[in-house]
Amino acid sequence: MIYTLTLNPAVDMNVSSDRMEAGLVNRTYDTVYTPNGKGVNVSFTLQHFGVPSVVLGPFGGFTGDYITSECRNRGLTVLPSPIAGTNRVNMFVTVGDKEYKLVNEGPVVSAKEQESLLALIESLTDLEVLTINGSMARGFAKDYILRIMEICNRKQVKVVPDISTPMLKELLAYGPFLIKPNDEELMDIFGLPATDQEEILAALRELHRLGAQNILLTMGGKGSYFYNGTECYHCEVYPVKLVSSACCGDGFLGAFLSVWLRDVLGRQDENQCAELLKDPDRVVEALKLAAATGANVAESAALGDFANVERYREQIKVTKLF
């Protein structure tokens with residue numbers, strides 16, 4: 001079973017406005033509220049493509065109740081780890097072709113609450129893959145994700161850390177199953193430039209050398225790359241008009257995993273699993289679906305309805321570089 005862990009869940013409010021001026025009443029319209037947090041979005045995407053998962057995270061207050069109840073109403077399984085604080089509300093305002101992101105810091109999670117979440121992860125008997133998504137709420141110890149990695153390594157769980165902090169560099173020593181940095185994170189976290197394909201390929205090889213088993217690198221308009229230590233693929237983007245970029249990466253990851261991990265979950269033979277994960281047709285299909293989903297999410301408020309994914313997927317090109 002795939003579990004998605006969001007360490008700073010949120011309610012997202014997406015609105016549009018004709019203007020954004022200080023000192024004036026700026027009227028908004030097309031308001032959309034969604035249960036959110038990056039792992040929550042990954043679970044919703046997995047669900048859409050027929051792959052079950054379980055949502056984990058620290059949930060509290062009226063917003064925590066809303067997130068968990070809405071997830072369950074939409075068919076997701078949620079195992080909340082209760083906290084005394086109130087989960088955050090984020091706001092995304094689209095004005096013409098510009099987007100304003102108002103992202104709150106979230107509640108303080110106490111040391112006792114952190115230990116309860118670790119104990120919950122430790123207790124899971126069907127945990128095969130754990131995605132760790134997004135930022136940490138206030139209060140979390142700096143080494144908290146390292147402790148999660150230690151638990152997962154002991155339980156032989158495949159970990160997919162999709163985080164944008166310097167901690168990602170330390171995590172490579174634990175051999176994460178898959179990481180998904182973007183070009184900015186390559187430079188900011190690892191000091192690796194990615195201005196041309198030669199630098200990109202060098203960066204992918206270095207991340208693998210440092211411990212990442214598989215790398216899914218997103219490059220904005222330059223597309224995405226997948227490298228598994230042996231083969232490397234490049235996937236083009238599908239151009240769309242941006243409405244909100246808030247959930248694009250989560251939709252991209254969820255769609256990729258829904259294909260890439262197909263028929264792998266539940267298998268005991270690790271060699272057979274490794275062969276399936278390196279199958280070129282599987283990788284190409286996963287990248288196309290991920291790119292199409294990311295594009296469709298970008299032109300939607302929140303995750304949207306995935307209505308254009310199949311049409312976009314047919315027009316996306318993937319090239320095996322070696």
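The values are calculated or read from the model by the stated rules, or taken from the named source; none is laboratory data. What you see is a predicted model; the values in this text were computed from it and never measured. Every residue, glycine among them, receives a Cβ derived from its backbone with ideal geometry; neighbour counts consider all protein chains shown.
Summary of computed values
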{"read-out": "First in the range 244-263 and closer than 20 Å to residue 34 by Cβ, second anywhere and in a helix (DSSP H, G or I) and among the charged types (D, E, K, R), Cβ under 7 Å, 6 or more apart", "value": "250/38"}
{"read-out": "Selection count, the range 93-132, where residues are surrounded by 17 or more Cβ atoms within 10 Å (Cβ to Cβ) and modelled with pLDDT of 95 or more", "value": "13"}
{"read-out": "Residue that is farthest from the chain's Cα centre (by Cα), among those in the range 8-25 that are aliphatic (A, V, I, L, M), farther than 30 Å from residue 127 by Cβ and in a strand (DSSP E or B)", "value": "15"}
{"read-out": "Failed item, numbered, when residue 233 is tested on (1) within 23 Å of residue 38 (Cβ to Cβ); (2) of a type outside the set (Val, Ile, Thr); (3) in a strand (DSSP E or B)", "value": "(1)"}
{"read-out": "Residue within the range 94-104 that is more than 14 Å from residue 14 (Cα to Cα), touching a strand residue (DSSP E or B) at 6+ places or on another chain (Cβ under 6 Å) and outside any loop (DSSP other than H, G, I, E, B) present", "value": "no"}
{"read-out": "Matching residues, the range 269-322, being among the acidic types (Asp, Glu), more than 30 Å from residue 90 (Cβ to Cβ) and not in a helix (DSSP H, G or I)", "value": "269, 279, 314"}
{"read-out": "Within the range 202-256, considering residues that are charged (D, E, K, R) and closer than 17 Å to residue 283 by Cα, the one nearest to the chain's Cα centre (by Cα)", "value": "236"}
{"read-out": "Odd one out for residue 193 among (1) surrounded by 17 or more Cβ atoms within 10 Å (Cβ to Cβ); (2) not in a strand (DSSP E or B)", "value": "(1)"}
{"read-out": "Selection within the range 26-78 - surrounded by 15 or more Cβ atoms within 10 Å (Cβ to Cβ), at positive phi and either out of contact with any Pro (no Cβ under 8 Å at 6 or more places or on another chain) or assigned to a helix (DSSP H, G or I) (or both)", "value": "61"}
{"read-out": "Options 201, 242: the member that is touching a Cys at 6+ places or on another chain (Cβ under 8 Å) and surrounded by fewer than 20 Cβ atoms within 10 Å (Cβ to Cβ)", "value": "201"}
{"read-out": "Residue 169 vs. criteria within 24 Å of residue 252 (Cα to Cα), touching a Phe, Trp or Tyr at 6+ places or on another chain (Cβ under 7 Å) and among the basic types (Lys, Arg)", "value": "yes"}
{"read-out": "Residue count, the range 307-319 (criterion: touching a residue at least 40 places away in the same chain (Cβ under 8 Å) and buried (at least 19 other Cβ atoms within 10 Å of the Cβ))", "value": "4"}
{"read-out": "Residues of the range 145-162 satisfying the condition of being crowded, with 17+ Cβ neighbours inside 10 Å and either under 18 Å from residue 105 (Cα atoms) or touching a helix residue (DSSP H, G or I) at 6+ places or on another chain (Cβ under 7 Å) (or both)", "value": "145, 148, 149, 151, 159, 161, 162"}
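To keep it simple, each residue is scored yes or no on (1) assigned to a loop (DSSP other than H, G, I, E, B); (2) touching a residue at least 24 places away in the same chain (Cβ under 8 Å); (3) under 20 Å from residue 129 (Cα atoms).
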{"residue": "148", "(1), (2), (3)": "no, yes, yes"}
{"residue": "153", "(1), (2), (3)": "no, no, yes"}
{"residue": "171", "(1), (2), (3)": "no, yes, yes"}
{"residue": "187", "(1), (2), (3)": "no, no, no"}
{"residue": "209", "(1), (2), (3)": "no, no, no"}
{"residue": "213", "(1), (2), (3)": "yes, yes, yes"}
{"residue": "216", "(1), (2), (3)": "no, yes, yes"}
{"residue": "225", "(1), (2), (3)": "no, yes, no"}
